[in-house]
Every structure is written in structure tokens, then in C-alpha cells.
1. Which residues, counting only those in region A:113-129, are aromatic (Phe, Trp, Tyr) and within 7 Å of chain B (Cβ to nearest Cβ)?
2. I'd like to check something: does region B:27-49 contain any residue that is under 26 Å from B:ALA395 (Cβ atoms) and not β-branched (Val, Ile, Thr)?
3. Taking B:CYS89 and the conditions (1) of a type outside the set (Gly, Ala, Ser); (2) over 18 Å from the mean Cα position of the chain (by Cα); (3) within 26 Å of B:SER25 (Cα to Cα); (4) crowded, with 17+ Cβ neighbours inside 10 Å, which numbered condition does it fall short on, given that it satisfies the others?
4. Here are A:VAL160, A:VAL165: which of them is surrounded by fewer than 24 Cβ atoms within 10 Å (Cβ to Cβ), β-branched (Val, Ile, Thr) and either in contact (Cβ under 8 Å) with a residue 12 or more places away in the chain or closer than 30 Å to A:ALA94 by Cβ (or both)?
5. Among the numbered criteria (1) over 21 Å from A:VAL67 (Cβ atoms); (2) crowded, with 21+ Cβ neighbours inside 10 Å, which one does A:ILE262 miss?
6. Of the conditions (1) more than 14 Å from chain A (Cβ to nearest Cβ); (2) under 20 Å from the mean Cα position of the chain (by Cα); (3) within 28 Å of B:THR7 (Cβ to Cβ), B:ARG370 satisfies every one except a single condition; which number is it?
7. Write out, first by first residue and then by second, each pair whose Cβ atoms fall under 9 Å of each other, whose residues are 6+ apart or on separate chains, and whose first residue, in region B:351-375, is under 18 Å from B:LEU280 (Cβ atoms) while the second is part of a strand (DSSP E or B) and acidic (Asp, Glu).
8. Does A:THR80 qualify as being in a helix (DSSP H, G or I) and farther than 30 Å from B:ILE114 by Cα?
Amino acid sequence: MPPVALTAHIVGIGLAGPGLPDWSAAAPILAGERPYQPAPTVLPVIEALPPAERRRTGSTVRLALAVAQQALAEAAIDPTTLSTVFASSGADGALCHEICLTLASEERQISPTRFHNSVHNAAAGYWSIAMKARARSNALCAFDGSFAAGLLEAIAQVAVDGVPVLLAAYETAYPEPLHAKRPLPDAFGVALLLDPRPGAGAHARITVSLTDDAAEPMPQAPLEALRTGAPAARSLPLLRHLARAQSGAVVIDYLENLRMRIEVSACR
Amino acid sequence: MTALPLTHFTATSCIGSGLAGTLDSLLERRSGLAPCAFETVRLETHIGQVPGVDDVRLPPELARFDSRNHRLALLGLSQDRFIEAVAGCAARWGRRRVGLFLGTSTSGMLETEIAYRRRGPGGALPSTLDYAATHNPYALVAFVGRVLGIEGPSAVTCTACSSSAKVFGSARRMIEAQLIDAAVVGGVDSLCLTTLYGFHSLQLTSRAPCRPFDAARDGISIGEAAAFALLERPSGAARPGQILFTGIGESSDAYHMSSPHPQGLGARAAMCQALESAGLAPRDIDYINLHGTGTPGNDSAEGRAVSGLFGPGVAASSTKGATGHTLGAAGALEAVFCALALRHGFAPGGLNTTRLDPEARFDYLCESRRQPLTRVLSNSFGFGGSNCSLVLQRAS
């Protein structure tokens with residue numbers, strides 16, 4: 001049995017982060033053509049969710065769905081049969097804080113909605129409801145390496161099962177006192193729509209492997225601070241290559257003792 | 001899919017630490033459920049607490065990982081020479097060539113819950129709380145990877161109660177892509193206040209020990225467990241009697257965050273895909289280990305999906321009357337139960353079910369049945385409408 005190359009075509013990109021409102025606005029900044037100006041992350045309302053569900057969702061779910069929708073909008077792929085991978089270091093930090101506060105009080109009566117929204121796969125669940133998506137959906141965590149872990153899971157599905165996969169990686173900040181224990185910056189999310197087939201509109205073809213080499217830093221200091229601060233922003237060196245339509249290899253952070261090498265062949 | 005042998009496996013739950021005790025309990029139909037006296041919890045409910053977890057001591061070099069979840073993980077890993085089996089596997093393939101994919105729902109959340117009661121002036125959490133090594137879901141893989149000495153690709157799957165079934169799928173793909181040659185898969189989930197009070201708030205916990213598929217069932221009993229399996233690239237034909245992982249199906253309900261699709265459409269899709277990936281027809285399945293949580297809605301939806309797909313003759317049971325619902329560990333725990341059933345030739349009877357729901361139109365087992373089994377299916381369904389079914393077989 002010959003090895004299966006872990007290859008996919010990136011046919012859609014979604015992004016939301018501080019000073020990076022979406023992919024089309026962020027691309028020239030990441031490419032170094034425009035200066036980076038930090039600003040609070042703006043989270044859109046998710047129109048695709050029924051109003052009752054929309055009211056119940058917190059910022060983490062909104063962030064995940066926003067970047068996933070952005071990536072999906074670029075390609076003609078049916079979301080109802082599309083596999084998804086949602087990767088994040090934690091679930092909704094604000095909900096976690098509220099639940100812990102309640103459990104530390106005399107009452108201990110947690111709200112049922114808060115409880116079911118506190119699960120790590122809340123974004124996957126709401127995406128599936130919003131899009132009537134009944135295909136396979138995964139929700140993963142690998143702490144600071146969650147983006148690369150999600151990319152590896154997604155690209156293995158593309159390569160082995162021959163299906164398109166939508167990957168979303170995202171985190172929002174914890175409130176205090178949890179913030180002191182896990183100091184994440186402002187919300188950052190990224191989504192990649194991966195397809196086994198080369199399409200006319202593909203950004204690039206990528207092939208991933210594992211390496212001991214060090215991760216590539218970002219040349220601009222504030223973006224490098226964002227890369228090392230937000231787990232999903234460990235994707236920034238890859239996004240920079242995509243923004244510059246630059247072919248070549250890039251290394252990103254993955255696990256403590258293992259990095260991910262991504263061979264990028266630009267298609268645009 | 002390519003059949004993958006489970007070259008080693010183990011399970012620890014309230015019915016036994018290790019395979020021998022677990023097998024005895026399943027055969028003798030012993031339940032581990034007892035009235036809840038966990039921590040400071042004041043709820044009228046039954047739980048499946050694993051005895052001896054508090055007495056487990058982590059090695060000094062791993063002290064920062066100390067938490068109930070990791071004590072339970074270590075207790076589980078220490079059974080059935082599992083650590084030694086993985087060491088042999090890592091020596092065979094190389095430690096970078098062995099992946100680690102585990103499921104959990106709450107990881108070390110209990111440590112943060114307790115830390116919130118000990119906030120200092122200004123509200124700060126105590127310095128002893130180590131978020132990365134206890135609370136974060138990935139802490140489980142960071143800890144288990146160190147205990148086992150493996151360094152391949154890894155991740156924690158957090159899809160609530162389907163988590164540790166879905167890890168079999170992640171491992172399968174990476175072995176097929178030849179990124180790795182073997183993988184440790186499993187699940188560890190331990191009791192904590194968030195789940196006990198959370199399921200209570202949803203009115204999904206029973207006061208009595210849970211009664212899956214009973215006409216008067218009224219909720220779950222929460223349990224805890226650690227279960228692991230070692231999947232390896234097959235070298236030649238399977239040995240007779242070897243336990244093989246041969247099929248998996250994964251689907252989403254697209255219906256509701258905490259209620260299953262009433263007709264069990266997502267459950268049916270997962271079971272159909274699992275059969276398809278194993279190259280089997282419904283009539284080939286000898287026994288189904290049901291998700292069978294004991295809530296009115298879950299069992300009703302799953303029952304419809306099972307009888308609709310398999311017809312009235314298929315033998316099935318839920319083992320949650322014995323173990324409680326072990327949440328993120330349930331998929332791996334029940335996969336190990338299925339492996340034991342295949343190896344020892346029996347279908348475990350469900351406990352606590354005295355008056356079977358007349359709508360359960362299949363052969364629900366209330367007594368254990370001694371019979372050779374060749375192909376079994378295990379269901380795991382979770383919040384967010386996340387469904388997973390596994391097929392395990394005994395090589396002839």
C-alpha cells in the first residue's frame with residue numbers, strides 16, 4: 001500500500017481577528033502591502049441560524065460560524081453534505097466562567113442553555129443546525145497546536161476519503177480570573193475550505209508533513225505577537241504565503257515536540 | 001476501510017478496574033451504580049464512581065498534571081499491562097509513528113470548579129491551579145503521551161458523548177495515510193460538578209439507577225471511565241480470534257443542541273455508514289451495544305433507528321445500567337465491552353430494565369446470552385447532534 005500524500009486544494013478562506021476583519025481586507029496586510037493596525041475583533045450576527053438559536057449563541061460560536069461561512073462563500077460546495085472539522089483550544093470561555101461561578105455559590109443552579117452551549121462541540125452543533133449539515137463533523141483540541149491538529153485531521157479526510165472538508169479554528173478570550181491562567185488575546189478565527197479536486201478558483205494546493213524545523217515567525221512584530229498569543233493565529237505564516245500567492249514551504253507550530261511543514265503551490 | 005486489529009485493550013469503570021473484573025461484572029450482571037456521595041454534590045441521583053481514584057498517585061515528574069481525570073487515566077493505563085504493550089509497539093514502529101487520539105468531555109474541569117471556591121482577595125484563582133496541565137482538554141493527551149512515551153500526531157476529540165468513538169476514525173485515516181503505523185485510542189472522563197449539575201438542570205438525570213429502554217425510564221446516571229485500545233497496521237492476515245475494527249460511521253443530526261432527532265435520522269445515518277464501510281448488511285450484525293442512556297427521548301430515537309434499519313430480530317442492549325453514562329469515555333468503554341463480548345462469546349444483558357418499552361421493536365436483552373459473536377456494532381451519540389457507530393469483528 002503506497003503512502004497517501006496529505007494533499008488538498010484550498011478553495012476558500014475565512015478570517016476574523018483583531019485588525020483583520022475578513023480575508024479580503026486581511027490579505028494585503030498579511031502580504032505586507034498595507035500596514036497592520038490593531039483594532040478589536042468584530043463578530044457578525046449569524047443570519048443563517050434560526051432566531052431562537054441565534055439568541056442563544058455566544059461569541060465563540062459566532063466567531064467559528066462567521067469564518068466558516070466566509071470560506072464556504074468562495075466555492076460552490078453544498079454545505080448539507082460537507083464534512084467539517086472545528087478546532088479550538090477551549091470552548092466558550094465566558095460560559096465556563098459563569099458555570100464555575102455558579103457552582104462555587106450556594107445555589108449551584110446552572111442554566112440548562114449555558115450547560116449545553118458550554119460543550120467543546122457547540123460550534124459544530126450550531127453549524128450543523130444552521131446549514132442543515134448532516135455529514136461527519138469533528139471537534140478537536142490540541143491546546144496551542146489546535147490549528148495544525150485540525151488541519152491534519154481535515155487533510156487526512158480529504159486525502160483518504162476523497163471528500164471536501166471545511167476546517168474552522170478559533171478562540172475567544174477568557175474573562176478574569178481564568179484569563180490570568182490562560183491569557184488569550186482578542187478573538188481570532190480562521191477557516192479553510194479544502195477540496196481534493198483542483199478547481200478553477202483554488203488559492204493553492206498544499207501538502208502537509210511533520211518536521212522538527214522551527215515555525216516561521218511573522219515579519220511584523222504586532223502580527224508575530226498575535227501569532228504566538230492566539231492558538232488559531234499559529235496559522236498566520238501559512239496565511240501570509242497564501243496572501244502573497246507565494247509557492248514554497250512554510251513551517252507552523254503543532255505539538256510540543258513536532259511542527260507541521262506545509263508545501264504551498266500557489267494557483268492564483 | 002482496511003480492517004485494523006485491536007492488538008491490546010483495557011477498560012476501567014465502576015464495574016471493574018481492568019478486563020478481568022469488567023468481564024465478571026458483565027457476565028454476572030453487576031451494576032456499579034450507587035447513590036451520589038461525590039465531593040460536595042447534593043443531588044438525589046445515582047452515579048458510577050470508580051473506586052480508588054483518589055488514592056492514585058502520579059509520578060513526581062508528572063505532578064503538575066495531578067487531577068481526578070489524570071488519576072483515573074493512570075489507573076486505567078496501569079491495568080492489563082497496557083503501558084508495556086504500548087512500549088513494545090513504540091519499540092517496533094518508533095515513538096513518532098504511534099499516534100494518540102483520546103476523547104473527553106470535561107477533562108480536568110473539576111480542578112477549576114474547586115479553584116473557583118478558593119478565589120483570593122480580588123477574585124484571583126489559587127496559584128496551584130495549572131490550567132494547561134489539568135483543565136484544558138488536551139491536558140489528557142499531554143499526560144497520557146508522557147506516561148506511554150509516544151510522540152506521534154495527537155489530538156483530543158471533544159464531541160461530547162461521541163468523543164471516544166470518533167477517535168477510532170481519526171486514527172484510521174492517519175494509519176491509512178501512512179503518517180503513522182499504530183495509534184492509541186481511547187477516552188477518559190471523570191465526575192465533576194458541571195456535568196452532575198448540568199444534566200440535572202436539563203432534567204435529564206434519574207433519581208434511581210438508570211433504566212435504559214424501560215417503559216418508565218426517566219433519565220441518566222452519570223459515570224466515569226478510562227478505556228484504551230491499541231490499533232496497529234496489520235502485518236499479514238488476521239489471526240483467528242483477533243479483534244478487528246472494521247467499520248465506522250459519523251453523522252450530524254442538524255436538529256437541536258441537546259435533543260436527538262426524534263426519528264433518529266442521524267443515528268440511522270451513522271449506523272448505515274458504519275455497515276457500508278465494513279462491507280456488511282444489517283443482517284450480518286450479531287449484537288448492538290446501544291447508546292441507550294435511559295432518557296425518554298434518546299432511547300426512543302435510537303430505538304426507532306435500530307428497529308427501522310435492523311428489523312425486530314437484532315439482539316441489542318445498553319450497558320449503561322451497569323456503568324452509568326460515562327460521557328466522553330463511553331465510546332471507548334463500550335467498544336472494549338464489544339471486544340470482550342466477541343472474545344468471550346456473550347452478549348451482555350442490560351440492567352435495571354423491568355418493563356421493556358413496547359416501542360423498542362427489537363430483541364432487547366435483559367439477560368446475558370452466551371453465544372459466539374462475529375460482528376457487533378456500538379453506538380455513541382452526543383450533544384450537538386454528534387453521532388458515531390463502530391463495527392468490531394472477530395477474525396475467523
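The values are calculated or read from the model by the stated rules, or taken from the named source; none is laboratory data. The structure displayed is predicted, hence computed values, not measured ones. Using ideal geometry, Cβ is built from the backbone for each residue, glycine included, and neighbour counts are taken over all protein chains shown.
1. Scanning region A:113-129 gives a single hit, A:PHE115.
2. yes
3. Among (1) of a type outside the set (Gly, Ala, Ser); (2) over 18 Å from the mean Cα position of the chain (by Cα); (3) within 26 Å of B:SER25 (Cα to Cα); (4) crowded, with 17+ Cβ neighbours inside 10 Å, B:CYS89 violates only (3).
4. That would be A:VAL160, the only listed residue that is surrounded by fewer than 24 Cβ atoms within 10 Å (Cβ to Cβ), β-branched (Val, Ile, Thr) and either in contact (Cβ under 8 Å) with a residue 12 or more places away in the chain or closer than 30 Å to A:ALA94 by Cβ (or both).
5. So the condition that A:ILE262 fails would be (1).
6. For B:ARG370, the exception is condition (2).
7. Partner pairs satisfying both residue conditions: none exist.
8. Here the answer is yes, as A:THR80 does meet what is asked.
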